[in-house]
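Remarks on the structure that follows.
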Amino acid sequence: MINLLTKKIKIENELNNTVKIFGKEISVKVIYTRIINPELDLVGNIINVYLPNKYKKTGNIEIVKLAIDKMYDEIARIEIEEVMEETRIMLNGLAPENYEIKRISGKLAKTLKNKTIIINPEIVKYDKQVLRYIVLREFCHLKYRSNSTKYFEMLGKYMANYGDYEYMLNVA
């Protein structure tokens, strides 16, 4: 009985951690209830993950991680569309119509040769200014494929403090 209780406490401690959304720590709370499918909602600084009662006795870490990943995907879809539009306006139309939100190992974004920008939904863990910087950086790569002097001049023209964000990402 003590072993089962210890295992349950360990699982709950792993589940009831924090995640980041736009640079802010958000608590994750797991709640077991009478539902069929897992759900989650964000209330203030707490993400409530609702799991069916039948999951109480199983390891739920993966289910919670999947729910959080889906939340990141949805937030990214909304926020990236908004930042893409802001950047298009700022750059007077220099922008791709093709972009995808897709998990990329070890990167937050990349630009393909066919001028498609791929953005990792994990980007919503960072401050919104970092999101703006990443999108601007990828737009600049549409014009200059390499990190040339012209590339950095263009980046600096539209975001004078871009080095701060690059530093922040290298430290993270």
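The values are calculated or read from the model by the stated rules, or taken from the named source; none is laboratory data. Bear in mind that the values here come from a model prediction, so they are computed numbers and not experimental data. Backbone-built Cβ (ideal geometry, glycine too); neighbour counts: all protein chains shown.
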Exercise for the section: Identify the single condition in (1) touching a Leu at 6+ places or on another chain (Cβ under 8 Å); (2) free of Cβ contacts under 8 Å to residues at least 24 places away in the same chain; (3) under 12 Å from Val124 (Cβ atoms) that Ile80 does not satisfy, given that it satisfies every other one. Expected result: (2)
Practice task
Considering (1) outside the structural domain of Leu136 (by TED's automatic domain parsing); (2) touching a residue at least 24 places away in the same chain (Cβ under 8 Å), say which one Lys65 fails and leave the rest.
Solution key: (2)
Completion exercise
Here the residues within the range 113-153 that are surrounded by fewer than 20 Cβ atoms within 10 Å (Cβ to Cβ) and of a type in the set (A, V, I, L, M) are Ile118, Leu142
Exercise for the section: Inspect the range 164-172 for any residue being surrounded by 19 or more Cβ atoms within 10 Å (Cβ to Cβ), modelled with pLDDT under 90 and over 21 Å from Leu42 (Cβ atoms) and give the result as yes or no. Expected result: yes
Exercise for the section: Considering only the range 126-172, state which residues are aromatic (Phe, Trp, Tyr) and either in a helix (DSSP H, G or I) or in contact (Cβ under 8 Å) with a residue 24 or more places away in the chain (or both). Expected result: Tyr126, Tyr133, Phe139, Tyr151, Phe152, Tyr158, Tyr162, Tyr165, Tyr167
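Does the range 16-45 hold any residues that are of a type in the set (A, V, I, L, M, F, W, C), closer than 21 Å to Pro121 by Cβ and in a strand (DSSP E or B), and which are they?
Passing the criteria: Val19, Ile21, Ile26, Val28, Leu40, Leu42.
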Handout entry: Residue satisfying condition, being touching a helix residue (DSSP H, G or I) at 6+ places or on another chain (Cβ under 8 Å) and assigned by TED's automatic domain parsing to the domain that holds Ile26, within set Tyr133, Tyr55, Tyr165
Key = Tyr55
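Looking for whichever is closer than 17 Å to Lys143 by Cβ, surrounded by fewer than 18 Cβ atoms within 10 Å (Cβ to Cβ) and modelled with pLDDT under 90 here; the options are Pro52, Pro96. Which one fits?
When all the criteria are applied, what remains is Pro96.
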